[in-house]
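Report on one structure; see the data block that follows.
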Amino acid sequence: MKMARYAYLVLFLLLAWSAGTVASEKSTDPYKVVTSAELKALVDNKFPGLVIIDARSPEEFQEVHISGALSIPLPKLEKDATLLKSPKDAKLVFYCNGVKCGKSGKSAKIAIDNGFRDVSVYAEGMPVWEEKGFPMNTGPDYAKKVATIRLKPAELKALLEQKPDTITLVDVREPDEFAAGHIPGAINLPLANFAAGSGVLDKGKRIVVYCNTGNRSYSAYRKLQKLAYPAIGEAVFSDWKLEGHTVVK
């Protein structure tokens with residue numbers, strides 16, 4: 001049974017990495033890219049020689065990290081590549097805070113330049129791993145409440161009318177709720193897959209998230225913080241409707 005399970009895992013990863021190698025060739029990146037499902041399979045099956053490395057800051061690592069990961073922040077690795085103490089044939093997988101975080105890719109290139117032969121990047125990163133409910137370790141500050149920047153309906157309306165090119169308004173409710181009525185100009189990115197779909201959001205714009213009452217938008221706001229979006233805000237759809245502003249279907 002164990003042999004069959006291991007053989008299945010090897011076949012699964014060979015097919016996945018074959019596709020990843022093609023993608024890497026197109027992007028010219030020297031490393032492979034693994035998906036959440038592929039990394040989870042490696043972890044679950046205790047793949048020999050697997051070393052998962054968190055390239056984020058020590059503070060981010062302490063708050064939450066993938067179970068079993070090592071903390072080697074990019075700035076430290078750039079100064080001292082000997083921090084990579086694994087054998088050169090180890091299977092290294094680097095990650096950071098999502099598809100727009102470049103720390104994992106830079107760390108992977110350092111590893112390759114120093115002779116490591118099997119190097120991958122988990123590009124979806126910690127926010128998606130967390131979103132999927134996969135094994136992770138959390139610190140005492142993980143559930144700490146954060147203060148959000150909440151926009152009143154009049155403030156949001158003024159931004160949308162006067163500076164529409166500087167803002168992306170995101171409805172984090174379910175598609176049927178969005179279809180039933182939403183704020184004009186909003187896009188729909190449901191909370192359940194918010195981090196996974198966040199690649200469509202421009203970090204050069206202010207991202208404002210909203211839901212009916214503020215519960216889901218608060219969670220989305222925290223995800224944006226972890227994804228390192230520099231300008232974010234929150235709004236409440238019920239307040240928007242209460243003040244009589246336009247709702248479109």
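Things to note:
- Residues in segment 107-137 that are surrounded by fewer than 18 Cβ atoms within 10 Å (Cβ to Cβ) and either in the same structural domain as VAL200 (by TED's automatic domain parsing) or not β-branched (Val, Ile, Thr) (or both): LYS109, ASP113, ASN114, GLY115, ARG117, LYS132, GLY133, PHE134, PRO135, MET136, ASN137.
- Of the residues examined, ARG56 is not one that is in contact (Cβ under 8 Å) with a residue 24 or more places away in the chain and more than 23 Å from LYS203 (Cβ to Cβ).
- Where strands (runs of 3 or more DSSP E) fall entirely within segment 19-130, those with at least 1 residues that are over 22 Å from ALA195 (Cα atoms) are at 50-54, 91-95, 118-122.
- Conditions (1) within 18 Å of the chain's Cα centre (by Cα); (2) farther than 17 Å from GLY125 by Cβ; number of the one not met by ALA55: (2)
The values are calculated or read from the model by the stated rules, or taken from the named source; none is laboratory data. In this text the structure is predicted, and so the values were computed from the model without any measurement. Here Cβ is always computed from backbone atoms with ideal geometry, including for glycine, and neighbour counts include all displayed protein chains.
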